[in-house]
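Here's the structure we're looking at; comments come further down.
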There are 2 protein chains.
Amino acid sequence: MAVLGLLHESPMHGYELRKRLNLMLGWGRLLSYGSLYPTLKKMLRASWITEDRSATQGAITSRRPRIVYRLTETGERQFVALMSEVGPTAWEDGNFDIRFAFFGRTDMEIRLRVLEGRRTRLQERLEKVQSQLSLTQKEMDQYAAELQRHGVESVEREVRWLSDLINAERSQQAPTAPEPAEPSATTKTRPQGRNG
Amino acid sequence: MAVLGLLHESPMHGYELRKRLNLMLGWGRLLSYGSLYPTLKKMLRASWITEDRSATQGAITSRRPRIVYRLTETGERQFVALMSEVGPTAWEDGNFDIRFAFFGRTDMEIRLRVLEGRRTRLQERLEKVQSQLSLTQKEMDQYAAELQRHGVESVEREVRWLSDLINAERSQQAPTAPEPAEPSATTKTRPQGRNG
DNA sequence: GCGTGGATATATCGTTACGATACGTCTGTG
DNA sequence: CACAGACGTATCGTAACGATATATCCACGC
């Protein structure tokens, strides 16, 4: 999905795919060559993308050979299909981030459902841990307990973040009018995009 | 290391090892059987642990067969050696948590070095991203940018957490005054280990 | 005395994905 | 011109995951 999403923006070669991905998700998960190239091969075989070895985009300079990958129509349909899936695959730990990064190409209805699914998932986890917490803390030493506490706090913060995002989406949903040119929309609650 | 650490507390069978580990680290990383049992086999071969199939600890009741794993002296030495290692293996993403959870069995000097190493690691990452941030945010859409922002915020929070812990360790180490160690030096610094 | 469901418990299998690295090219710097 | 370091494609060995097979124990209602 990550590869499809990036190629959906524009054609690109492998090395750049990796760079873009790694600064997109940055901390923690990173896409290694050991998964990138096999993935590209699979997608080629499935005709979701095409290879382009000429790269004559610029003009001259006999640039060193690089393979530019481009999304086919099949691939584009795949991407759209993947992005409209709601379900565990959308909000599990390893998937949510990349899904969120491409929210710009999804309907708001889908966005809301994914955000809420993710939030519910985290809340379930919180409940589960907090029910065990009283039992376990007695036989845990100080450091293990502190690790627990910090973990819970992080997840709680994550839940609040999701709630803010959900509210922002909802308040956007209500006014279904084309945006007037007036600057009266000062305190609008859009997802604090750095409206650059 | 996680397995050694738990068996260091008390002998245990596989299923319980897994349970303990998963509520210790809980969110995110969890130990699957597919890595637990091969690991136990490897440790058996290396004589770090022994199998005990009788489990006659209680008394009667012909409990169903369960294999209790017990640390050997070799294994204990291994654990101590692992815990006194400082270096990237101690503060990388996947290792730090488990390392921290067993801080109770480590010298404060080691603890401080691991905490500081971890903090430095995160700060490096922050700098790297923030240097790219001005460049990248212009061509990122709103959601990708928000993901970045949230990521940075989380790491900053993590750094503050580490700093607090470091200060706590330091204030334990140096009571600001060169107070003569008049009372018995026994049973001090340990932060109230389990069961005290 | 029987069946059902769920927790306990050990173990393996197929696949994915990672980390390291090989191999080559281009670009800037002293 | 030499050299270091970024760029770029690609594979290999292995660690770890998720799913599942197998089996026992126990509480429950009936």
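The values are calculated or read from the model by the stated rules, or taken from the named source; none is laboratory data. Remember, predicted model here, so these are calculated numbers, not experimental data. Counting neighbours? That spans all protein chains shown, and the Cβs are built from the backbone with ideal geometry, glycine included.
Residue-by-condition table, conditions (1) away from DNA strand D (no atom under 12 Å from the Cβ); (2) touching a residue at least 24 places away in the same chain (Cβ under 8 Å):
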residue	(1), (2)
A:LEU6	yes, no
A:MET12	no, yes
A:TYR15	no, yes
A:ASN22	no, no
A:LEU25	yes, yes
A:SER32	no, no
A:PRO38	no, no
A:ARG45	yes, no
A:THR50	yes, no
- Message: Taking the criterion of being more than 28 Å from A:ILE98 (Cβ to Cβ), at pLDDT 85 or above and away from chain A (no Cβ under 11 Å), would at least one residue in the stretch B:170-187 satisfy it?
- Response: yes
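One line per residue, one yes/no per condition, for (1) facing chain A (nearest Cβ under 7 Å); (2) under 22 Å from A:LEU115 (Cβ atoms); (3) modelled with pLDDT of 90 or more; (4) in a helix (DSSP H, G or I):
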site: B:ARG119; (1), (2), (3), (4): no, no, yes, yes
site: B:GLU124; (1), (2), (3), (4): no, no, no, yes
site: B:LYS128; (1), (2), (3), (4): no, no, no, yes
site: B:SER131; (1), (2), (3), (4): no, no, no, yes
site: B:THR136; (1), (2), (3), (4): yes, no, no, yes
site: B:GLU153; (1), (2), (3), (4): no, yes, yes, yes
- Message: Being crowded, with 16+ Cβ neighbours inside 10 Å and within 13 Å of chain B (Cβ to nearest Cβ) is the filter here; which residues of the stretch A:71-103 pass it?
- Response: A:MET83, A:PHE96, A:ASP97, A:ILE98, A:ARG99, A:PHE100, A:ALA101, A:PHE102, A:PHE103
